[in-house]
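Novice: Please read through the structure below; I'll follow up with questions.
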Amino acid sequence: MEKLRRVLSGQDDEEQGLTAQVLDASSLSFNTRLKWFVICFVCGIFFSILGTGLLWLPGGIKLFAVFYTFGNLAALASTCFLMGPVKQLKKMFETTRLLATIIMLLCFVFTLCAALWWHKKGLALLFCILQFLSMTWYSLSYIPYARDAVIKCCSSLLS
């Protein structure tokens, strides 16, 4: 309705700022956002499980690394539907999540490099494990006191 009002009043989209155009293009209803979140998240889980299954095939480490990484990226991107991409990026790079975000993104890149270009199977598997750990640590940052609880639990197990 707002777009119709702008067009009828003589305001073109060219006069509108880039930020406003992006916000207009991404204005989805809550139900649509929720549906696409679920679809994207389920696809991410599916690709991660598929990659894990492909690990046991001969030469499947490349497929495993690609599908596992793609699944994690899809699961991470699914939250963009709930809060929007700009807010998601701002939250990812807050000081409480900065280290976990950087490690997680580096693990995505290094997993693909190790599997596809360096041809180091053990290194690719190590980076996949680090992907899992960094995604878990990143996800725990959204739950109040979850990181503290995990640290206390691990320290009590180790001592």
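The values are calculated or read from the model by the stated rules, or taken from the named source; none is laboratory data. Note that the structure is a prediction, hence the values are computed from the model and not measured. Note that each Cβ is placed from the backbone with ideal geometry, even for glycine, and that neighbours are counted across all protein chains shown. Only protein heavy atoms, including side chains, enter the accessible area calculation; ligands, DNA and RNA are left aside. Shrake-Rupley method; radii C 1.70, N 1.55, O 1.52, S 1.80 Å.
Novice: If you take the square roots of the eigenvalues of the alpha-carbon gyration tensor of the stretch 28-158 and sort them as a ≥ b ≥ c, do you get rounded (a/c under 1.5), prolate (a/b over b/c) or oblate?
Specialist: In terms of gyration-tensor shape, oblate.
Novice: Taking all protein chains in place and a 1.4 Å probe, what share, in percent, of the accessible surface of the stretch 28-158 do carbon and sulfur account for?
Specialist: Working: 6480 of 8190 Å².
Carbon with sulfur: 79 percent of the solvent-accessible area.
Novice: Explain nothing, just compute: Karplus ³J(HN,Hα) = 6.51 cos²θ - 1.76 cosθ + 1.60, θ = phi - 60°, for every residue of the stretch 35-52 in order, whole Hz, x for Gly and Pro.
Specialist: Per-residue couplings from phi come out as 4, 6, 4, 5, 4, 5, 5, 5, 4, x, 5, 4, 5, 5, 5, 4, x, 5 Hz.
Novice: Report the charge-dipole magnitude of the stretch 28-158 in Debye, nearest 20, computed about the Cα centre from +1 at each Lys and Arg Cβ and -1 at each Asp and Glu Cβ. Write out the running numbers ahead of the final one.
Specialist: Details: 11 positive and 2 negative charges, 30 e Å.
The calculation lands at about 140 debye.
Novice: For the stretch 77-155, what is the accessible area per residue in Å² when the probe is 1.4 Å?
Specialist: Solvent-accessible surface per residue comes out at 62 Å².
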